[in-house]
Amino acid sequence: MFSAQVRDHFEHPRNAGTLEAADAMAKLSNPACGDVLQLMARLTEGRIVEIRFQAKGCVATIACGSALTGLVEGKTIAEARMVSREKLLRALEALPPASMHATHLAVDTLKALLDQLQTKA
């Protein structure tokens, strides 16, 4: 049902956990399914040098949090804003239609995080 990439990110999540002294934190939930995604990041010289996630939800939400952090780490805020649902889906190879809600939650949470980082940059 899930791609090898999704299973790998779920079984071995990258950048999971908390980030002490984060410059910004965003936490959103999907009211329809109850999934929650929290992103924390630290910015240095205009780049996201550290990013962590915590997720409570389905396989797809955890995989999206993991893949998303890999896509934006090391990027500027402007570059990170270019990460779309389509780029996230490509990084995961694919998601079943019933799991697409996780990409919306991930990208929406990223946008909220980047808006906070923008005010601190």
Unique match (being surrounded by fewer than 19 Cβ atoms within 10 Å (Cβ to Cβ) and modelled with pLDDT under 95) among LYS111, LYS75, LYS120
LYS120
Restricting attention to the range 71-121, the residues that are free of Cβ contacts under 8 Å to residues at least 12 places away in the same chain and touching a Ser or Thr at 6+ places or on another chain (Cβ under 8 Å) number exactly 0
Among residues of the range 15-40 being touching a Phe, Trp or Tyr at 6+ places or on another chain (Cβ under 9 Å) and assigned to a loop (DSSP other than H, G, I, E, B), the residue farthest from GLU73 (Cα to Cα) is GLY17
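Rundown of residues vs (1) at pLDDT 95 or above; (2) surrounded by fewer than 18 Cβ atoms within 10 Å (Cβ to Cβ); (3) under 12 Å from the mean Cα position of the chain (by Cα), yes/no style:
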site: PHE2; (1), (2), (3): no, no, no
site: HIS12; (1), (2), (3): yes, yes, no
site: ALA21; (1), (2), (3): no, yes, no
site: SER29; (1), (2), (3): yes, yes, no
site: ALA32; (1), (2), (3): no, yes, no
site: VAL36; (1), (2), (3): yes, yes, yes
site: ALA41; (1), (2), (3): yes, no, yes
site: VAL49; (1), (2), (3): yes, yes, no
site: ALA55; (1), (2), (3): yes, no, yes
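The values are calculated or read from the model by the stated rules, or taken from the named source; none is laboratory data. Predicted, not measured: the structure shown is a model, and the values here were computed from it. We place every Cβ from the backbone using ideal geometry, glycine too, and count neighbours over all the protein chains shown.
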